[in-house]
Structures are given as structure tokens and as C-alpha cells.
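Undergrad: Please read through the structure below; I'll follow up with questions.
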Amino acid sequence: MAEERMLITGGQRLEGTVRVSGGKNTAVAIIAASILSETPCTIENLPNIEDVAVSVEMLRYLGAKVDWCPDEGVMQVDSRTINRTDVSLDLSRRMRASSYYIGALLARFGRAQVPLPGGCDIGRRPIDQHIKGMRALGANIDTSRGMVFAQADGLVGSEVFMDMVTVGGTINVMLAASRAQGTTTIYNAAKEPHIVDVANFLNSMGCRVKGAGTDVIRVRGVQQLISRRPYAVIPDQIETGTLMIAAAATHGDVTICGCIPTHMEALTAKLLEMGARVDERDDAIRVRSIGAHRAITFKTQVYPGFPTDLQQPMSALLCTATGTSTVVENIFESRFRHLAEMERMGARVRIFEQTAVIEGVPQLHGAAVEATDLRAGAALVIAGLMAQGTTEIYNTHFIDRGYEHLETKLNSLGAKITRIND
Ligand code: EPU
């Protein structure tokens with residue numbers, strides 16, 4: 001099979017303006033939620049990424065009519081033709097968000113048969129909290145042979161206390177609760193921006209979700225959800241952050257427009273601490289950087305803490321900071337694999353369980369490296385932009401899962417990135 005790889009000629013300063021795409025993690029949830037609507041539903045500002053393409057395949061597999069225009073980011077979903085409630089193993093392996101079809105199918109059709117989800121290999125990713133929440137609403141759920149079999153003769157609102165803060169678990173229980181009889185209260189809910197976006201989408205179809213963005217969410221179920229107007233997903237917080245880090249990494253001057261600066265506070269604070277300059281406007285952020293960066297310490301946390309999805313790109317930037325940085329990964333067990341690849345580029349790193357100690361070096365040098373997951377791929381791109389010489393990144397399909405035209409956007413700012421397929 002032909003192996004596609006990315007070639008980056010490092011050392012180019014990034015300069016100019018770039019527009020951020022719609023959010024991946026909100027898009028995959030809202031597309032799954034679209035099957036709750038009794039009427040055709042239009043979703044806008046969707047990113048043209050592999051996870052959205054897999055979501056389209058998923059809806060078509062179920063029998064929905066889908067009109068997807070990737071260049072415009074607009075999707076129309078007509079769920080009235082859905083004629084099955086099982087998800088194929090192949091599709092679920094390709095996307096973590098396949099678990100959302102449990103909550104959505106259960107709420108709409110009273111049953112779902114979904115393989116345990118796949119997605120990036122960044123550590124153990126159980127869905128016990130999703131299942132616990134749906135059981136609390138009255139669903140019968142059996143997990144055996146790698147499958148989730150869910151069935152309910154009418155879900156009933158209930159109290160759900162999450163044992164840990166989970167983005168996916170919170171969204172899945174919201175989806176299941178949207179058509180349950182009565183009110184569901186989710187305690188210890190996740191507060192990420194895409195939770196608020198999913199709540200807004202459900203509310204736009206007549207559901208009553210209150211408290212999204214806090215740790216107690218109340219969902220008052222309705223008998224029918226009816227889409228009345230197009231819904232545009234929010235901009236991608238992680239793409240915004242990746243571009244901010246790329247600007248700092250190349251000592252550039254980049255304005256990222258179409259973003260939501262308040263979603264970026266944790267990263268902005270750390271970039272300022274490192275010595276970069278960050279200016280925020282209503283829907284744009286300008287990142288400038290001159291001279292060496294200072295080493296820092298940070299820990300990944302649930303929102304509004306430092307996002308785990310930006311840990312990998314940020315730790316790439318730290319590889320050339322002056323001094324020794326410490327990074328603690330609190331959310332996923334196995335999210336430092338990119339650092340082993342960066343050692344090939346001259347990075348100096350020691351890993352102790354969930355902590356990485358990064359001793360800054362004056363310069364990385366290009367090497368052949370392998371992306372092991374989506375954000376690891378983004379981290380290697382950042383490293384490649386900083387390095388002297390050419391970096392060759394294998395497994396670029398991981399990057400395409402979640403970034404829309406990443407190299408086109410970076411090249412428009414002055415990067416030199418090409419793809420080779422041989
Ligand atoms: N967890 C459980 N049980 C559960 C659910 C989660 O133990 O039932 C644990 C997980 O193992 C993990 C922690 O709780 O240690 C947090 O997991 P969470 O459920 O919040 O993550 P997720 O929903 O699987 C989403 C994003 C991830 C992002 C995390 C954290 C999507 C499709 N994925 O995953 O995005 O890292 O939230 O913010 O929304 C990415 O975009 O690269 C990515 C991996």
C-alpha cells in the first residue's frame with residue numbers, strides 16, 4: 001500500500017492571518033444528535049475532516065439521507081429513513097464518537113447495538129459512565145463480545161452522578177435524556193465548550209437543557225425534537241490552540257480569526273508565561289513571539305484547565321524552551337508517545353509515569369518520525385516547523401482525522417510542507 005507522508009522544511013517564520021474551522025469534537029457529537037430530529041436538519045460550519053466523513057458513512061449506514069458539502073461545511077440530515085439501529089464494527093473502530101450513537105439511537109428508537117468504540121490510542125478509554133447514566137434512565141444494557149446492546153421501553157428522567165468528569169459520558173447521557181420522560185440531572189458534568197454547543201443544538205430542536213457549562217446539567221426531555229433552523233457548530237478550540245502554538249514555535253506573528261478567545265485562556269496564560277505575546281479581540285487572537293521561550297510547568301485538566309488535546313503540541317514547543325519544563329498528563333494514560341519520536345529530532349525528555357520532564361535544547365533537527373495519534377501528529381508538525389532541515393512524518397492519516405487542510409493553512413502563513421504518496 002502506498003504510504004503517505006508529510007515533508008516539512010523547518011525554520012520558516014509563520015506570518016499572516018488564518019481562519020479556524022468548525023470544532024471536531026462538537027461536530028461528531030452534533031452529527032450523531034441530528035438523528036434525534038423528526039424533521040430534516042441542517043448543520044453548518046462543519047470541518048472537512050476524516051471524522052466527519054466517517055460520521056456521514058455512519059448515518060448512511062443507518063439509512064439516513066445525508067447531503068454533505070465538504071467545501072461549504074454544510075450537512076443536511078434526514079433521519080426519517082433510518083431503518084436499522086446497529087453500528088458496524090468497521091465504522092465504530094474508526095471513530096471514538098461512535099459511542100454517541102448508543103445515546104442517540106436509544107433515545108429515538110428505543111434500542112442500539114454498537115461495538116465498543118475505537119479512536120486514538122492514547123490509553124484506556126472505557127465507557128462505563130455512559131452506560132451507568134443510561135441505566136439510571138431505565139435502559140437495559142448488556143456488554144458482551146465487545147458490543148453494547150441497549151434497549152428501553154421509554155426512558156425516564158433520573159439523577160446521574162458521574163464518578164469522574166467525562167466529556168463523552170456527559171454528552172451521551174444528554175442525548176439519551178433528550179427524549180426521556182421528565183428531567184434528568186447530571187452531576188459532576190463536563191464543562192467543555194462542546195458540551196454547551198451540544199446543549200444549544202438540542203435546545204434549538206425544542207429540548208430543554210439548562211446548566212451546560214457548569215457541573216450540574218438538567219435535561220427536560222420532550223416527546224419529539226424538531227429541527228427548525230440551521231445550526232452552526234462552534235470553532236475548533238484545539239485547532240485554534242495548535243495554530244497559536246505554531247505561531248510561537250516559529251517566532252512568528254499570526255492572527256487566528258473566527259475563534260473564541262475565552263475558550264483559549266489556559267493556553268494563552270501559558271504562552272504569556274513563556275514570553276510570547278498574545279492579543280485577544282472579539283473573535284480573533286494574535287500570537288507574536290520574539291526571542292527564546294522560558295520553560296514552564298503545566299498539568300492537563302478538565303475545562304477550563306489546560307486541555308489534554310493541546311498537551312502534545314505544547315510539549316513540542318517546550319523542547320526548545322530555555323530551561324527544564326515539567327508536563328503532567330492527568331487525563332489519559334498514554335499521551336507521551338510523540339516525545340519518543342521527538343527524541344529522534346534531538347529533544348531531551350525523561351518520562352516518569354504521567355510526568356514528562358523536558359530539558360530544552362537550542363535546536364531540533366529534522367528526522368523521519370511517526371504520528372501515533374491525532375494530536376501526536378500535530379505535535380510532530382510543530383516540531384518539524386521548528387527543526388533545522390527536513391522532517392518526514394509518517395501516518396499522516398491521523399492528522400487528517402481532526403485537522404482540516406492543516407498544511408494548506410500553515411503554508412498560507414509561510415510554512416513549507418508537502419505531501420508525498422509513493
Ligand atoms: N473515562 C472513564 N469512563 C468513562 C468515560 C471516561 O473512565 O465512561 C475516563 C477516560 O478513560 C479518561 C477520562 O475519563 O481518562 C476522560 O475521558 P472523556 O470521556 O472526557 O474523553 P472522551 O469523551 O473519550 C473527548 C474527546 C477527546 C478529548 C477528551 C478530553 C471526543 C470525540 N473526544 O474524549 O479528544 O481528549 O474528551 O477532553 O470528543 C482528540 O480530539 O484528540 C481527543 C482525543
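The values are calculated or read from the model by the stated rules, or taken from the named source; none is laboratory data. Source: prediction; values computed, not measured. Positions of Cβ are generated from backbone atoms using ideal geometry, with glycine treated the same way; all protein chains shown enter the neighbour counts. For accessibility, only protein heavy atoms count, side chains too; no ligands or nucleic acids. Shrake-Rupley method; radii C 1.70, N 1.55, O 1.52, S 1.80 Å.
Undergrad: Among the strands (runs of 3 or more DSSP E) contained in the stretch 60-175, which hold 3 or more residues that are more than 12 Å from the ligand (Cβ to nearest atom) and open to solvent by less than 10 Å² (accessible area, probe 1.4 Å)?
TA: 111-115
Undergrad: Looking at the structure I just gave you, is residue 26 out of contact with any strand residue (DSSP E or B) (no Cβ under 7 Å at 6 or more places or on another chain), farther than 28 Å from residue 368 by Cβ and not in a helix (DSSP H, G or I)?
TA: It is false that residue 26 is out of contact with any strand residue (DSSP E or B) (no Cβ under 7 Å at 6 or more places or on another chain), farther than 28 Å from residue 368 by Cβ and not in a helix (DSSP H, G or I).
Undergrad: Here's another thing I want to ask about it. Here is a list of conditions, (1) more than 16 Å from the ligand (Cβ to nearest atom); (2) in contact with a helix residue (DSSP H, G or I) (Cβ under 8 Å, 6 or more places away or on another chain), and residue 323 meets all of them except one; can you say which number that is?
TA: Single failed check for residue 323: (2).
This table checks each residue for (1) crowded, with 24+ Cβ neighbours inside 10 Å; (2) within 12 Å of the ligand (Cβ to nearest atom).
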residue: 22; (1), (2): yes, no
residue: 32; (1), (2): yes, yes
residue: 38; (1), (2): no, no
residue: 55; (1), (2): yes, yes
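Here's the yes/no breakdown for (1) open to solvent by 40 Å² or more (accessible area, probe 1.4 Å); (2) away from the ligand (no atom under 16 Å from the Cβ); (3) assigned to a loop (DSSP other than H, G, I, E, B); (4) within 18 Å of residue 242 (Cβ to Cβ):
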{"site": "342", "(1), (2), (3), (4)": "no, yes, no, yes"}
{"site": "346", "(1), (2), (3), (4)": "no, yes, yes, no"}
{"site": "356", "(1), (2), (3), (4)": "no, yes, no, no"}
{"site": "363", "(1), (2), (3), (4)": "yes, yes, yes, no"}
{"site": "383", "(1), (2), (3), (4)": "no, yes, no, yes"}
{"site": "391", "(1), (2), (3), (4)": "no, yes, no, yes"}
{"site": "401", "(1), (2), (3), (4)": "no, no, no, yes"}
{"site": "407", "(1), (2), (3), (4)": "no, yes, no, yes"}
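Undergrad: Only residues that are more than 9 Å from the ligand (Cβ to nearest atom) and open to solvent by less than 30 Å² (accessible area, probe 1.4 Å): list them for the stretch 296-310, please.
TA: 296, 298, 305, 306, 310
Undergrad: Please work out which one of (1) farther than 26 Å from residue 363 by Cα; (2) in a strand (DSSP E or B) is the condition residue 282 fails and give its number.
TA: For residue 282, the failing item is (2).
Undergrad: Among the residues of the stretch 326-335, which ones are open to solvent by 20 Å² or more (accessible area, probe 1.4 Å), part of a loop (DSSP other than H, G, I, E, B) and either away from the ligand (no atom under 16 Å from the Cβ) or not polar (S, T, N, Q) (or both)?
TA: Taking the stretch 326-335 as the starting set, the residues that turn out to be open to solvent by 20 Å² or more (accessible area, probe 1.4 Å) are 326, 328, 330-334.
With part of a loop (DSSP other than H, G, I, E, B) added as a condition, the list becomes 330-334.
Residues satisfying the conditions are 331, 332, 333.
Undergrad: How many residues, within the stretch 193-247, are in contact (Cβ under 8 Å) with a residue 12 or more places away in the chain, open to solvent by 30 Å² or more (accessible area, probe 1.4 Å) and in a helix (DSSP H, G or I)?
TA: The total comes to 2.
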